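Remarks on the structure that follows.
The values are calculated or read from the model by the stated rules, or taken from the named source; none is laboratory data. Note that the structure is predicted; figures quoted are calculated from it, not measured. In this analysis, Cβ positions are derived from the backbone assuming ideal geometry, glycine residues included, and neighbour counts consider all displayed protein chains. Calculation scope for accessible area: heavy atoms of the full protein, side chains included, ligands and nucleic acids excluded. Shrake-Rupley method; radii C 1.70, N 1.55, O 1.52, S 1.80 Å.
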There are 2 protein chains.
Amino acid sequence: MEELIKKIKSKQDLSPEAEAYIYSISKKKTFQKGAELIRQGLKVTKTYFVTNGILRSYCNDKNGKEHTLQFAIKNWWISDYIAIHNNKPATLTVECLKKSSVIEFNTEKINKMYALFPEFEPFQRNTLERHIVSLHQRILNQLQLTAAEKYDLFLEQYPDIEQNIRNYHIASYLGITQESLSRIRVEKAKR
Amino acid sequence: MEELIKKIKSKQDLSPEAEAYIYSISKKKTFQKGAELIRQGLKVTKTYFVTNGILRSYCNDKNGKEHTLQFAIKNWWISDYIAIHNNKPATLTVECLKKSSVIEFNTEKINKMYALFPEFEPFQRNTLERHIVSLHQRILNQLQLTAAEKYDLFLEQYPDIEQNIRNYHIASYLGITQESLSRIRVEKAKR
């Protein structure tokens, strides 16, 4: 929690009242590997700030194949924002890939926070803009990079994640087959 | 311009001062087909709200191949947000695919607007959140849909755009080859 408060304070002034409100709407939680914080098909009322561990969000397509939208490590947020924004059941599942600690927020209480403490708005605007930029970049990378380049970039962006997650997690994030991923690794080892 | 003001007013109260400020930082402009509003490599200081026409943003990869990030039609915004947010030269080019009318905003003056008129913050937060949701959905579609499904979805999302743009525009947005696109169209015609 202290990390999140520090992060906010590095960007803006935070009144004691606003800080107290953040504490009042959040809960520290620890989940074991395999725990599902959000499950495809169910209502979504929470969003999570990761303080430790690795989580991922993914969907199952009509053939049951998994597709990974996001990995979240320390200091990242994760939830199903499609479901929250459209007020629909989850299209994503959010699971822990190892034992993870998060700060859980009720999304309605976060929304109320902006009315009570409008000073959060510029911070949030900046966070959302940064997120949009990273998504634009991901779409462009997805369109223009070769599978091997996508994998190299993944290792750069998530340097310590590989030993904690399975091959199909990576392949389903990069949009390539596990066979391609294996081939790329063999080629990479030869370099 | 009236459309944009109407759009804002449908979501929130807008003081005469705030409305006057929007007018003061914006300019109506009309561009011919082929005009480039933003060019890869140059500084980006503007963002555009489309009132008529079709624009697209794309990058060239190291082999000169084009990859389309976005099409923008009436009531959409377009710019190079990667460049603006990172304060770097454009990685994208924004061009008109037909004669188009836009409202041009200076991005620094938009940023000042939030300090002068904080009442814009909730509107902008909602706009950014909606944009994030559509990008999440696009990434998931990119990962899980077949080329034919991607094309069907494209036609649904941009119903009147096809006759105004070239095959390679669509192919470079969907991340498929022009040959695949032709094959899909032939198959679709048979259905």
In degrees rounded to 10, the 0-90 angle between helix A:120-144 Cα long axis and the longest Cα principal axis of chain A is 10 degrees
Partner chain coverage, peptide B:125-134 - average Cβ within 10 angstrom = 5
Hey, can you rank B:178-191, B:51-64 by average C-beta count inside 10 Å, highest first?
-> B:51-64, B:178-191
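Which value, in Å to one decimal place, does the Kirkwood hydrodynamic radius take for the protein assembly as shown when every pair of different Cα atoms is included?
Roughly 22.6 Å, rounded to one decimal.
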Roughly how many whole Å is it from the C-alpha centroid of region B:65-127 to that of region A:77-102?
-> 28 Å
Helix A:178-190 sits off the longest principal axis of the Cα atoms of chain A, rounded to the nearest 10 on a 0 to 90 degree scale, by 80 degrees
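Relative contact order for region A:2-117 using alpha-carbon pairs under 8 Å, separation at least 6, rounded to a whole percent?
In percent, rounded to a whole number, it is 37.
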Per the Cα gyration tensor, region A:2-117 corresponds to an equivalent ellipsoid with semi-axes, largest first in Å, of 27, 17, 11
If you find the alpha carbon centre of region B:146-179 and of region A:141-191, how far apart are they in angstrom?
-> 27 Å
With every protein chain present, what accessible area does B:Y21 have (1.4 Å probe, heavy atoms only), rounded to the nearest 10 Å²?
-> 40 Å²
Using only Cα atoms, tell me the angle between helix B:107-116 and the longest principal axis of chain B; keep it within 0 to 90° and round to the nearest 10.
-> 40 degrees
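As a check on your grasp of the helix formula, calculate [θ] at 222 nm for chain B: sum -39500 (n - 2.57) over DSSP H runs of n ≥ 4, divide by the residue count, round to the nearest 500.
After summing the helix terms and dividing by the residues of chain B, the value is -15000 deg cm²/dmol.
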Does anything in region A:101-121 have its amide N under 18 Å from the 7 Å Cα→Cβ label point of B:Y114, and if so which residues?
-> A:111-121
